[in-house]
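First up is the structure itself, then whatever we jot down about it.
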Amino acid sequence: GAVVSQHPSRVICKSGTSVKIECRSLDFQATTMFWYRQFPKQSLMLMATSNEGSKATYEQGVEKDKFLINHASLTLSTLTVTSAHPEDSSFYICSARVTSGSTDTQYFGPGTRLTVL
Amino acid sequence: GQQLNQSPQSMFIQEGEDVSMNCTSSSIFNTWLWYKQDPGEGPVLLIALYKAGELTSNGRLTAQFGITRKDSFLNISASIPSDVGIYFCAGAFYNDYKLSFGAGTTVTVRA
């Protein structure tokens, strides 16, 4: 299957700082990537859809000024958590959409564990 | 997206046993996906289904796309210790590529 990487795998930062997380499609191009957030023992919650060359679309309740998304190339999307606070601590996972004919699938990255002190 | 109803929530099984879990939705989907997530990792795609009634296998895993397009099941045969993890179903409707996820089924295997 398609390979998606994330960097960093875990990050610890001080409250008030900004953190950037990268999501890369390694062996394919992805015009659409997604950013999810996952709390312990819960399912994945979609935060936003990242579209190459255009603005991201955010799900209801997700602050776009807080979670900045940039999809500058067909293989890279970044999520920047601005002015992070302890409540932003979570597991952030990206995925890349892969379409081929009638099939439409998402492949996920390994996730980034963010801890805000 | 909407939340799918996934059951059971958790299961303890003996090594060698077969496992079955399912997902239902109030809306029809044209794509059903099954993922497995290990602790601290991202979900890994196990099986993708695109046609009502489709039955697909991947090793010891078998999944089916329900004919009503509102449900899917995943079977694991002859479970082994590495089958431990959380299994998620996900569905998408044609032209709406956002995935709706189930709450997950946690599988624990007793050796």
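Within the stretch B:33-77, restricting attention to residues that are of a type in the set (Lys, Arg) and within 14 Å of chain A (Cβ to nearest Cβ), which residue is farthest from A:Gly101 (Cα to Cα)? Talk me through it step by step, then tell me what you get.
We begin by selecting, within the stretch B:33-77, every residue of a type in the set (Lys, Arg); these are B:36, B:51, B:60, B:69-70.
Subsequent filtering for residues that are within 14 Å of chain A (Cβ to nearest Cβ) retains B:36, B:51.
Working: B:Lys36: 25, B:Lys51: 13 Å.
This residue is B:Lys36.
Can you name the strands (runs of 3 or more DSSP E) wholly within chain B that have at least 1 residues being not hydrophobic (A, V, I, L, M, F, W, C)? Break it down stepwise before answering.
Working: elements: B:5-7, B:10-14, B:19-24, B:31-37, B:44-49, B:55-58, B:61-65, B:71-76, B:85-93, B:96-101, B:105-110.
Output list reads B:5-7, B:10-14, B:19-24, B:31-37, B:55-58, B:61-65, B:71-76, B:85-93, B:96-101, B:105-110.
Name the pairs: first residue in the stretch A:43-68 and farther than 12 Å from A:Met33 by Cα, second residue of a type in the set (A, V, I, L, M, F, W, C) and in a loop (DSSP other than H, G, I, E, B), Cβ to Cβ under 7 Å, at least 6 apart or on different chains?
Short answer, once both residue conditions are applied: A:Ser43/B:Ala103.
Quickly run through the stretch A:70-104 and pick out the residues that are within 14 Å of chain B (Cβ to nearest Cβ), without any contact (Cβ under 8 Å) to a residue 60 or more places away in the chain and among the hydroxyl-bearing types (Ser, Thr, Tyr).
A:Ser90, A:Thr99, A:Ser100, A:Ser102, A:Thr103 - these are the residues of the stretch A:70-104 that are within 14 Å of chain B (Cβ to nearest Cβ), without any contact (Cβ under 8 Å) to a residue 60 or more places away in the chain and among the hydroxyl-bearing types (Ser, Thr, Tyr).
Hand me the list of strands (runs of 3 or more DSSP E) wholly inside the stretch A:1-93 holding 3 or more residues that are farther than 17 Å from A:Pro110 by Cα. Give the derivation first.
Details: elements: A:4-7, A:10-13, A:19-25, A:32-38, A:44-51, A:67-73, A:76-81.
Hits in the stretch A:1-93: A:44-51, A:67-73.
Any read-out appearing in this document is the output of simple, stated calculations on the displayed coordinates, not a laboratory observation. None of the values given here were measured: they were computed from a predicted structure. Backbone-built Cβ (ideal geometry, glycine too); neighbour counts: all protein chains shown.
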